[in-house]
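Have a look at this one before I ask anything.
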Amino acid sequence: MNFTADPVLRKIALEAAQQVTTDTGRIYQDELLEALCERLAPRKELLGLVIKKAGQAMMRDLGERHSPRRHRTTDGLYHPKSIMKLGNGIWVWMRDSTATDMTEWGRISSRNFVRTATAEAHKQDYVSSRSDAYRQHPHCERLSVLEESVFGYRQDAFDHLNTA
């Protein structure tokens, strides 16, 4: 399921995050949530977008909470109130799934595992290289300095991240 964030809401979120960022670059989620709510409350024209976002969050939460998990008593994954995500925006209650659903769910699960494992491997390589670089360049106390001076990072490559 693809959810495209509305640019207005993205801008509000970015501004709120910038507002609550500490001088050490930390963002505390409780403070961010409060700042977001303060910014959204007076904007009645955004009510429809906010309701849609809340609905999407509730849907994700439902899917995560009802995702099949190993049960201690049966040592299996089955629970009648579990939900299997089949892709293309289709979910099925586990109690109602068919052999075709099971095959599709397994295929998607395998694909997601490979994607997640690959992303994690890249992340760990990145962390390892930056940790090594921190040790080799003790004058670099923040990642921005390390990236720019050691790895040649230039801001213009990701300017789109700073836009709404």
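The values are calculated or read from the model by the stated rules, or taken from the named source; none is laboratory data. Since the structure is predicted, the reported quantities are computational estimates derived from the model, not experimental observations. Note that each Cβ is placed from the backbone with ideal geometry, even for glycine, and that neighbours are counted across all protein chains shown. Accessible surface areas use protein heavy atoms only, side chains included; no ligands, DNA or RNA. Shrake-Rupley method; radii C 1.70, N 1.55, O 1.52, S 1.80 Å.
Identify all lysines with a Cα-Cα distance to K85 below 22 Å; exclude those on the same chain that are fewer than 8 residues away in sequence.
Once the sequence-local lysines are set aside, what remains near K85 is K52, K53.
Here is a follow-up. Express in nm, to one decimal, how much length is gained between I108 and L14 on full extension, taking 0.36 nm for each residue of separation and deducting their alpha carbon distance.
Full extension from I108 to L14 adds 30.6 nm.
Expressed as a whole percentage, what fraction of the accessible surface of segment 3-139 belongs to carbon and sulfur atoms when a 1.4 Å probe is rolled over the protein heavy atoms?
57 percent
Out of the trypsin sites (Lys or Arg not before Pro) in segment 7-109, which ones are loop residues according to DSSP with at most 15 other C-beta atoms within 10 Å?
In loop regions of segment 7-109 (DSSP not H, G, I, E or B), the sparsely surrounded trypsin sites (Lys or Arg not before Pro) are R26, R43, R69, R70, R72, K81.
Counting other C-beta atoms within 10 Å, and keeping those with at most 15, which DSSP coil chymotrypsin sites (Phe, Trp or Tyr not before Pro) do you find in segment 32-119?
Those that pass, being in a loop and sparsely packed, are Y78.
Here is a follow-up. Checking a compactness column here: for segment 8-87, what do you get for Rg(Cα) / (2.2 N^0.38 Å), N being the number of residues?
Output field value: 1.57.
Once a ≥ b ≥ c are taken as the square roots of the eigenvalues of the Cα gyration tensor of the chain, is the result rounded (a/c under 1.5), prolate (a/b larger than b/c) or oblate (a/b not larger than b/c)?
Oblate, since a/c reaches 1.5 and b/c is not below a/b.
Okay, moving on. Can you list the residues, at least 5 places off or on another chain, whose amide H is less than 5 Å from the amide H of S67, using H built in the peptide plane?
For S67, the qualifying residues are I83.
Further question on the same structure: Under a 1.4 Å probe, what is the accessible area of the chain per residue, stated in Å²? If you can, show how the numbers build up before the last one.
Details: 12640 Å² over 164 residues.
For the chain, the per-residue accessible area is 77 Å².
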